[in-house]
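Peer 1: This is the structure, below, for whatever I ask next.
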4 protein chains.
Amino acid sequence: MNILITGFEPYGGEDYNPSGEIAEKMNGEILNGHKILGVKLPVSFKRVGEILESNISDSNPSVILNLGLAPRTAHIRVERVAINIMDGGPDNDGYRAIDEPIVPNGPAAYFSTLPIRRIVEALRNTGIPSAISNSAGTFLCNYVMYRTLHFIHINGWNVKAGFIHLPYTSRQVAGKTVRFPPPSLPFTMLVEAVKIIVKTSLENL
Amino acid sequence: MNILITGFEPYGGEDYNPSGEIAEKMNGEILNGHKILGVKLPVSFKRVGEILESNISDSNPSVILNLGLAPRTAHIRVERVAINIMDGGPDNDGYRAIDEPIVPNGPAAYFSTLPIRRIVEALRNTGIPSAISNSAGTFLCNYVMYRTLHFIHINGWNVKAGFIHLPYTSRQVAGKTVRFPPPSLPFTMLVEAVKIIVKTSLENL
Amino acid sequence: MNILITGFEPYGGEDYNPSGEIAEKMNGEILNGHKILGVKLPVSFKRVGEILESNISDSNPSVILNLGLAPRTAHIRVERVAINIMDGGPDNDGYRAIDEPIVPNGPAAYFSTLPIRRIVEALRNTGIPSAISNSAGTFLCNYVMYRTLHFIHINGWNVKAGFIHLPYTSRQVAGKTVRFPPPSLPFTMLVEAVKIIVKTSLENL
Amino acid sequence: MNILITGFEPYGGEDYNPSGEIAEKMNGEILNGHKILGVKLPVSFKRVGEILESNISDSNPSVILNLGLAPRTAHIRVERVAINIMDGGPDNDGYRAIDEPIVPNGPAAYFSTLPIRRIVEALRNTGIPSAISNSAGTFLCNYVMYRTLHFIHINGWNVKAGFIHLPYTSRQVAGKTVRFPPPSLPFTMLVEAVKIIVKTSLENL
């Protein structure tokens, strides 16, 4: 069995995005005997879908984790649902979407097929703050989650797939000259969290 | 030269306070050749002052760090100033103060004598989020900061002294069943931060 | 044409809920020639559905506004989507739901059929802070929104329906003895907002 | 007896500051038989002090209210204390202060001489959210509060003086295209609050 982990390149004026760094760092690693394909995705409504789908088709994964950065968040947010809407921007191509469907006539939403509650429990039992989130937003994070779940749905594949929002890394926040630094967790804890999420997903296949 | 580090016992319904744990853990350690006295203080307006002053007198420190917990904070808050007010509670004795002076006819405020800006820079250069804070509140944290600075002032001692507010530890937050976990940093990072603060203070004696 | 406005009774330790007060206050009023039926709903997963559906069937409305309170919100939140999940509590019957579907085998989500972007613009043009929201939570607010949209969907009715989250009233917050009062708007502004929302919905039938 | 009310011109990229608008609007009004002098001050560390002191000297006030805008605040913040520090910027002259004293060798802080707790109670009894604040920051608001209290102190005048932080107006926030609008109160409520603060101060002379 293979595992696909995606993250994003930096966007929105930031020069660093932990989600893409983790995906690239874990690329090629073996976890519980399963090979990880780690891919950094562009923050582009127009380009990301094709790259995402070809990576899914090529790697034939049993578990797909899409990772992204949630700037104001203090914990590991395990997303419950993706909605059929693009609203936000500009993305890294300069495109700004307003209330557009991701898949015209597609379902309003897909629920994550990851064991989200068990993941939150496993993380918290390891000392990592985590909670279920009920909105992945309407920008690229929600887009990638919806596209992934729609693709495995229309293909009829039985894959554990879902989205995880990560906070800033502590080092990233330490580099910001601001009066009220946003919340963060260290990079090593984010990597540990991703491994726990993969293992919990494998246990619940 | 000696170093005095104080923290607090738990309060306000919490069963854990990282500030007191760090003070106790570092008690007896040698840092840059200097011995640390680490003391856990009671969250009591009535009892804490005498304990604090006897520890200062007994240890004759060159650096005093008073540590406390700031529940909603995401970083290491280096306090700038303590004000001559008690307002808050109940403390662990059940006492609730309303707009009382800490030292009747004492000065309205004392500034920290720590090199607060250099401390923030040293922490941020190490990858630890930090910022100067302009209010230590009006509860026990501000009280201990004011009492310490007043005591060294009236004795005419040249001591680097000040207050540091710590966030929750990540493990502590992971233990809370809440929808929106508050910000946190790992315990090991808080301990590392305290050591950097002591070293930066020693370099600026 | 008729207009149905629902709000909620108090819950969660509060003794006041502006959403229910506004629904009751507007009951029987005529707006742009259309009669308003205003109903205060129970905060009960088990009881609210039947009451809601019978009110919809009896009043045969062209516009349905479900109102609710969002304690940490500073503006009029126009909800975009309801998801097929109950997760939260206890409700006023003491019931606590964990990851249950509202309608087993129902669609994952329904989008609001209100002209949500025009509503936000109309409110902002009148000087009332407002924004689209992408999550109505997973408690009674989301439940009532989903049940309403599901009911009109399975009946094939062409109704403008959706959910509006209101902040606390300023008077309600003024009654709370807290150090950091939560955001609020005056009751009169909330009533004005509801009228603007109804009018904008009528203009877009 | 005269009453001096100051507010500020816009700053920091905003084109509106309710504090200055209220000061100008109330200029010349009679409240409880006392004449109000309302002055809009520049957001300038270098220029504001002289303008402030000449207005105090000329009007010989019994009550001085300095008003300012606190962008993230949801209520009327009655400031307790001003500290002898300038740290922030750039101001409207482009000046950026770093840890400078306002008055070299001046006291570390001055407490407000307004009846701050009674003011908070009076506002809350009228349905206006309010709380005591323990930090006026280190930018122009704190500067004007310190300079005012220092000036009446060195002159030995018995004046009720202090600083009030106002939230954004609702109309101001409605004009911002943001996903999460900041807290606000309507302009009319802010004006009502200022009148209640003046009256409560006059009752406690």
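The values are calculated or read from the model by the stated rules, or taken from the named source; none is laboratory data. Computed from a predicted model, the values in this text were never measured in an experiment. Cβ sites come from the backbone with ideal geometry, for glycine too, and all protein chains shown count toward neighbours. These accessible areas exclude ligands, DNA and RNA; they are computed on the full protein's heavy atoms, side chains included. Shrake-Rupley method; radii C 1.70, N 1.55, O 1.52, S 1.80 Å.
Peer 1: Looking for whichever is away from chain B (no Cβ under 13 Å), modelled with pLDDT of 95 or more and more than 17 Å from A:Val63 (Cα to Cα) here; the options are A:Leu185, A:Leu166, A:Leu190. Which one fits?
Peer 2: A:Leu166
Peer 1: Just checking, how many residues over region D:174-203 are among the charged types (D, E, K, R) and not in a helix (DSSP H, G or I)?
Peer 2: Qualifying residue count for the region: 2.
Peer 1: How many residues are in contact with a Cys (Cβ under 9 Å, 6 or more places away or on another chain) and open to solvent by 10 Å² or more (accessible area, probe 1.4 Å) when one looks only at region C:70-97?
Peer 2: 0
Peer 1: Got at least one residue in region D:167-184 being closer than 23 Å to B:Pro101 by Cβ and in contact with a Leu (Cβ under 8 Å, 6 or more places away or on another chain)?
Peer 2: Taking every residue of region D:167-184 in turn, none turns out to be closer than 23 Å to B:Pro101 by Cβ and in contact with a Leu (Cβ under 8 Å, 6 or more places away or on another chain).
Peer 1: Return yes or no: is B:Gly106 part of a loop (DSSP other than H, G, I, E, B) and under 17 Å from D:Asn84 (Cβ atoms)?
Peer 2: yes
Peer 1: So which residues in region D:109-160 are surrounded by fewer than 20 Cβ atoms within 10 Å (Cβ to Cβ) and free of Cβ contacts under 8 Å to residues at least 40 places away in the same chain?
Peer 2: Hits for region D:109-160 are D:Phe111, D:Arg117, D:Glu121, D:Asn125, D:Gly127, D:Ile154, D:Asn155, D:Gly156, D:Trp157, D:Asn158.
Peer 1: Report yes if C:Ala161 is among the aliphatic types (A, V, I, L, M) and under 11 Å from the mean Cα position of the chain (by Cα), otherwise no.
Peer 2: The answer is yes for C:Ala161.
Peer 1: What number of residues within region C:93-106 satisfy the criterion of being free of Cβ contacts under 8 Å to residues at least 40 places away in the same chain, within 13 Å of chain A (Cβ to nearest Cβ) and of a type outside the set (S, T, N, Q)?
Peer 2: Count: 4.
Peer 1: Next question, about the same structure. State all residues of region B:112-134 that are closer than 11 Å to B:Ile164 by Cα and either assigned to a loop (DSSP other than H, G, I, E, B) or in contact with a helix residue (DSSP H, G or I) (Cβ under 7 Å, 6 or more places away or on another chain) (or both); if no residue qualifies, say none.
Peer 2: B:Ser112, B:Leu114, B:Ile119, B:Ser130, B:Ala131, B:Ile132
Peer 1: Name the residue, out of A:Glu50, A:Glu100, that is among the acidic types (Asp, Glu), under 17 Å from the mean Cα position of the chain (by Cα) and surrounded by fewer than 17 Cβ atoms within 10 Å (Cβ to Cβ).
Peer 2: A:Glu50
Peer 1: Would you kindly identify the strands (runs of 3 or more DSSP E) lying entirely within region C:25-98 that contain at least 3 residues that are of a type outside the set (D, E, K, R)?
Peer 2: C:34-41, C:61-69, C:81-83
Peer 1: If you take the residues of region B:15-37 that are within 20 Å of B:Cys141 (Cα to Cα) and of a type in the set (Asp, Glu), which of them is least open to solvent (accessible area, probe 1.4 Å)?
Peer 2: B:Glu21
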